[in-house]
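Here's the structure, in structure tokens; my notes come after.
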Amino acid sequence: MYSFKLRLLFITLFSTHLWLSTFAYAEEKVYIVGMVPQFEARKLTAIWVPILEQLTVETGLKFKLEGAPNINEFEKKFMAGAYDFVYMNPYHFVLGNQLQGYIPLVKDGSKKLHGVLVVQKDSPIKNVAQLNGAKIAFPSPNALGASLQMRQELHDIFNIQITPVYVNTHGSVYLNVLLGDTQAGGGVGKTLKKQKAEYQQALRVIHKTIPVSSHPIAAHPRVPNADIEKVTAALLNMGTTAATSALLQGIPIQQISIATFADYEPLKNMNLERFYIQPE
């Protein structure tokens, strides 16, 4: 009889332990992290997984990388508030803040973002005016320096008409130009410098856009302030040692610094909504 009661007590305690463990596991928060798909998926994974692992070490928080196959899908996700933390272009941040209340945390403080318009090194194109009526490659309609600002300046400053060709990634833009599929292509300084040396040497920059503050890493306002502070402090700390700073350089963030709302105010005066295309 006592044996039965003890066995029953053991089963009850064990069942309670399992229920509590399951409940605790179910309640364990995993933050979804997204990033603008500037590079192809494998490269983005190789860059971001070690960063998130280091953030877990420094904060005790858990993170899950959730990419998007193209910028169109990325826009749908951040506009719907799918990401808890997200690395996005400055105009995406303006939209994300307006729609979801995203908060800027950190950015690359070493330099500002500027778009670059490239042609083949031996191309007869010497100035932007010669591209009137040309096919020009862009990663997507709404990539800021590479496409939005570039198309705005081609229209407002140079008064030329072009045929845009959207090819999903910055790498594809440069390849389209190198292969002669388009006469020119829009990218940004940072992604151009990440290309193979022979690609860089075979391209020539003929225009740079007005510089703006670089891509922020931002947080959704649903994330508790305490966790936002932990992540911000950990990211800033990663910039203080050679090993972890090297991880950030892959993003690329050369010199990590605090990002503020004021950094992105100038974008609101460019009337970029004229060239923005809503994701389908």
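Under 5 Å from the amide H of Ile162 lie the amide H atoms of Gly133, each residue being 5 or more positions distant or on a separate chain, with H modelled from the backbone and absent for Pro and chain starts.
Only sites in a loop by DSSP and with at most 10 other Cβ atoms within 10 Å count here; which trypsin sites (Lys or Arg not before Pro) in the range 195-260 make the cut? Answer by residue number: Lys196, Arg222. Dividing the Cα convex hull volume of the range 37-88 by residue count, how many Å³ per residue is that? Looking at the range 37-88, the number lands at 71 Å³ per residue. Simple spin-label estimate for Glu53 and Leu99 gives 3.3 nm between the two label positions (7 Å along the Cα-to-Cβ direction from each Cα).
Beta bridges per DSSP, both residues in the chain: antiparallel share near 60 percent. In whole percent, how big is the carbon plus sulfur part of the accessible area of the range 142-280, probe 1.4 Å, protein atoms only? Exposed carbon and sulfur together represent 53 percent of the surface. Here the range 41-113 is treated with +1 on each Lys and Arg Cβ and -1 on each Asp and Glu Cβ, and its dipole about the Cα centre works out to around 180 debye. Each residue of the range 200-212 was assigned a 3J(HN,Hα) from its phi angle through the Karplus expression (A = 6.51, B = -1.76, C = 1.60, θ = phi - 60°), giving 4, 5, 8, 10, 9, 7, 10, 7, 10, 7, 4, x, 9 Hz with x at Gly and Pro. In summary, the convex hull built on the alpha carbon positions of the chain has an orientation-averaged projected area of 18.7 nm². At the listed q of 0.13, 0.17, 0.21 Å⁻¹, the Debye profile of the range 145-280, built from one uniform point per Cα, gives log10 I(q)/I(0) equal to -0.76, -1.13, -1.33. The listed residues Asp263, Asp122, Asp156 rank as Asp122, Asp156, Asp263 when sorted by accessible area, largest first, using a 1.4 Å probe.
Taking amide H as placed 1.01 Å from N in the peptide plane, Phe138 has its amide H under 5 Å from the amide H of Val165, Tyr166, Val167, Gly186, each at least 5 places away in sequence or on another chain.
The values are calculated or read from the model by the stated rules, or taken from the named source; none is laboratory data. Bear in mind the structure is a predicted one, so any value in this text is a computation, not a measurement. Cβ: placed from backbone, ideal geometry, glycine included. Neighbour counts: every protein chain shown. Accessible surface is based on the protein model in full, side chains and every heavy atom, while ligands, DNA and RNA are left aside. Shrake-Rupley method; radii C 1.70, N 1.55, O 1.52, S 1.80 Å.
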